[in-house]
Every structure is written in C-alpha cells, then in structure tokens.
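Just so you know, all these numbers are worked out from the coordinates, no wet-lab data involved. Since the structure is predicted, the reported quantities are computational estimates derived from the model, not experimental observations. Positions of Cβ are backbone-derived with ideal geometry, glycine not excepted, and every protein chain shown enters the neighbour counts.
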Amino acid sequence: MESIIYCFSGTGNSLKVAKDISAGLKDTEIIQICEKNMNINNTTSNKIGFIFPVYASGIPLLVKQFIEKISITKDSYVYTVVTFGAAAGASIKQLEELLTDKGIKLSAAFKIKMPGNYQVIYAPYSKAKQKKCFDNEKEKISEIVKSLNNNEIVGFSGLGESLRRTVGGMIYSSFSPYEKDKDFWTDKKCNGCGTCSKVCPTNNIEMIEGKPQWQHKCEQCLACMQWCPQKSIQYKKVTRKRGRYHHPDVDVTELFH
Ligand SMILES: Cc1cc2nc3c(=O)[nH]c(=O)nc-3n(C[C@H](O)[C@H](O)[C@H](O)COP(=O)(O)O)c2cc1C
Ligand code: SF4
Ligand code: SF4
C-alpha cells in the first residue's frame, strides 16, 4: 500500500472523511482503530494519516494507545485530520507530542467541523445545520487531498491556538470515559438484534440473554446508542426524547468491528 489511514469513528463523521480522502489518494487502505486492531504495531507505508474525532478537547484514549504502540518509519509523511463539533482544542498538539516522543514529525494537520454527536449533552444538529457541515467538508477535502498528494507541510498554529490548547488540555485531563457506560440502559424497544455490540470499537458490549451488557471499557463514542435501529439505548434520563445522529453516507456495516 502506498498510503494508510488509521481511523477511529463512532458515528461515521471521521470515517466519511477518511473515505473521501482515500478516494483522492493513490493506493490507500483505511484501517479502523478498534480493539480488534490494537495488535497492529508496525506500518510499512510511508504516507500515514490519523483521522479521528475530538473528545473532550483531545484525542480519544484508544487512539492515543494505538499511536503509543505503533512503530512508524522515521522519514514517513504523517498527517492528521480531526473532526469536531465546536473546537479541536488540544487534540492536534497532543498528537504532535505523541509522535515527537517516537521521533516522528507531524507534517500536516487539518481540522473539519462536522455535526456534534455528543447527544448525552445536546440534541442532534438540524438537517440544515448538518448540510452546512457536509458542504464544508466537501470543500475542505479537495484542498486537503491536494496538499496530501504533494506531501505539503501544513502547520496548525494560528491566532488563539495556544489558549485553545491550554484550556483544551484542562478539559481533557478530567475526561474518564471507561465507567460512564454504567449510565446506559435499554428501554422496551430493544429486540436483541446485537447491532450495538457489533459497532462498539472496544468490544465493550456483551449480549446476555438477548440484551446488551456494558463491560466498563467504554470510550463514550456513542456508536451503540446512535446506531441502535430501535433507538432503544438511553443515557441516564436525558436521551429519551432526544433524536439520534449518524453520518448519512456511512452504512452501519462499515463500522462493524
Ligand atoms: C465523548 C465525546 C466527546 C466530544 N468532545 C468534543 C469536544 O471536546 N469538542 C468538540 O468540538 N466536539 C466534541 N465531540 C464531538 C465530536 O468530536 C464530533 O461530532 C465528531 O465529528 C464525531 O466523529 P465520529 O462521527 O467519527 O465519531 C465529542 C463527541 C464525543 C462522543
Ligand atoms: S442495537 Fe438496540 S435493539 Fe439491537 S440489541 Fe442493541 S439495544 Fe437492542
Ligand atoms: S459501549 Fe457504546 S459508547 Fe462505549 S465504546 Fe462501545 S459503542 Fe462506544
């Protein structure tokens, strides 16, 4: 493979970005960052992308663990695209630091605003607001692909970046998702289809007597809740009347791990 994209995605935004980028690059494979792929520890390609959502202003923990383990050839062209709802916070800086610790340079960094998917706090975006994000994504992808095809160096510093990183770092330090799955439950609509278990990137859901049981190694990606065909999975009391979101151009089976 000429290039590899390592992608983590709960509701498909980052996977959509990865698919669109891979369509513009030569000979590119997308490998999802999930429990099943955590044993991948070296990469032979020398164009490497990390595409993932911003969580609590930083990097999802599974992505961090994946990057800590993987060995990358020193002169590789490494880039990232982060997707976010409001702000990319400290995510890119954190990635740069993880790579620097391994002696690897982050050559290019991009951010793309997508619909916010943290529906345990807020409602899904309206269709009009979603469309705005998707139109913006399309535009950004063509610029990004152009840069990547030329192995361009693209920095990410800008006005207010240092403040964003500092505040982001503070928010991230209190992010502890693993046990938060204790607040998921299913209502009467659950029919035992098992989709929630299949989309879970950390293999955190066991089906016991036809019902999901969460095993406390949760990333809070919300894939289980967002992709449940019955909208049966709830978080505390707050999601019962709230809609659900996943990217319309991604099929649930693309996220079966
Ligand atoms: C646990 C969690 C934390 C999030 N934290 C942030 C955040 O700090 N800032 C932000 O802009 N978006 C945040 N989001 C929104 C996602 O970054 C955004 O919707 C992303 O595009 C989702 O990507 P995915 O569909 O590939 O999972 C968060 C989402 C989740 C699930
Ligand atoms: S995806 Fe929904 S309906 Fe299917 S088993 Fe899980 S909770 Fe039940
Ligand atoms: S249990 Fe649900 S929210 Fe937690 S990692 Fe799995 S799919 Fe994501």
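Structure values in brief
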| quantity | calculated |
| --- | --- |
| Over the chain: helical MRE at 222 nm, DSSP H runs n ≥ 4 each giving -39500 (n - 2.57), nearest 500 | -9000 deg cm²/dmol |
| Value in Å of the Kirkwood radius, where the chain supplies the Cα pairs that are averaged | 18.7 Å |
| Cα-centred dipole magnitude for segment 87-143, charges only on beta-carbon of K, R (+1) and D, E (-1), debye, nearest 20 | 280 debye |
| On Cα atoms only, tilt of 91-101 relative to the major axis of the chain in degrees | 60 degrees |
| By average C-beta atoms within 10 angstrom, highest first, the peptides 91-104, 178-191 | 91-104, 178-191 |
| Among 121, 223, 134 the positive-end extreme of the charge dipole of the chain (Cβ point charges) | 121 |
| Cβ-placed point charges (K, R +1; D, E -1), dipole of the chain about Cα centre in debye, nearest 20 | 1040 debye |
| Share, in percent, of DSSP beta bridges within segment 2-76 that are antiparallel, nearest 5 | 10 percent |
| Listed residue pairs exceeding 19 Å between alpha carbons, taken from 19/146; 36/93; 111/231; 131/231; 26/93; 16/132 | 36/93; 111/231; 131/231; 26/93 |
| Net charge, residue 133 excluded, C-beta distance under 15 Å - Lys, Arg +1, Asp, Glu -1 | +4 |
| Cα shape, segment 178-255, gyration tensor, a/c 1.5 rule | rounded |
| Proximal charge balance of residue 177 [Cβ under 10 Å; K/R count +1, D/E count -1] | -1 |
| Cut-off 18 Å (backbone N to label point 7 Å along Cα→Cβ of residue 236), residues of segment 44-77 | 56 |
| Protection proxy ranking, peptides 56-64, 23-31, average beta carbon neighbours within 10 Å, highest first | 56-64, 23-31 |
| Globularity ratio of segment 82-198, using Cα Rg and 2.2 N^0.38 Å | 1.35 |
| Counted charge near residue 68, where neighbours are those whose Cβ lies closer than 15 Å (Asp, Glu -1; Lys, Arg +1) | 0 |
| GNM flexibility winner over the chain from 120, 17, 167 (Cα, springs under 10 Å) | 167 |
| Linear extension gain, residue 163 paired with residue 256, 0.36 nm per residue minus alpha-carbon span | 29.7 nm |
